[in-house]
Amino acid sequence: MSYVKLLRVAAKVGRVTRKYPAEGSLVTEYFRGTIEIDPAMCWGCGACALACPPNSLTTKVEGDRIVIEYFIGRCIFCGRCADVCPKEAITITKNFEHASKSLEDLKYRVIHRVSRCSRCGGPVGAEEEVRNVSERAYPVKASLDLCPSCRAELLAEALAKYHPRRSR
Ligand code: SF4
Ligand code: SF4
């Protein structure tokens, strides 16, 4: 579009911006802002962190704790975390004003106790998640308190026992 044409369109449409913050922000019905995690609903599965494009949500094991951390400074307000959360623990708010002098003010944490592998003691996942999945998945309950490495080892041992020729 030529410059003159652009000026004509602008003159016809008029001013479309606001004198924010004097005038107040334009927050529409479908506006997405920062998220809120309900710690009582969250079971610490980490699905939100896996789905988060800019790694605004992360999970890490710290001793006997699994920490889900939300860093507002990286959030692009896409809402994918809320889409994938199996517990509907994430709410998308309309908040977007988070100016702060401290990065720590922009961090929010949900903490869970870690469930340990009954074989090697390594971390399996959050206690709350393991307990809930165990209750629902009764037929495969035997391996739910094992970490992925021990599960793979047990599977390999079982295959070697029942299919000795394949395991060679
Ligand atoms: S996806 Fe939901 S339940 Fe899982 S860690 Fe994130 S907020 Fe918690
Ligand atoms: S809204 Fe998007 S960027 Fe922000 S925490 Fe959720 S998935 Fe990550």
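The numbers here are math on the coordinates, done by the rules we state, and not lab data. Because the structure is a prediction, the values reported are computed rather than measured. Ideal geometry is used to build each Cβ from the backbone, glycine not excepted, and the neighbour counts take in all protein chains shown.
Quick notes
- Output for the range 1-54, where each listed residue is under 20 Å from the mean Cα position of the chain (by Cα) and surrounded by fewer than 10 Cβ atoms within 10 Å (Cβ to Cβ): 40
- Identity of the residue in the range 42-81, assigned to a helix (DSSP H, G or I) and closer than 18 Å to residue 111 by Cα, that ends up nearest to ligand 2 (Cβ to nearest atom): 81
- Being within 16 Å of ligand 2 (Cβ to nearest atom) and more than 21 Å from residue 150 (Cβ to Cβ) is true of residue 34.
- When the range 86-110 is filtered for residues that are within 15 Å of ligand 1 (Cβ to nearest atom) and either free of Cβ contacts under 8 Å to residues at least 40 places away in the same chain or over 13 Å from the mean Cα position of the chain (by Cα) (or both), only 93 remains.
- Reported count of residues in the range 61-117, each being surrounded by fewer than 16 Cβ atoms within 10 Å (Cβ to Cβ) and small (Gly, Ala, Ser), is 6.
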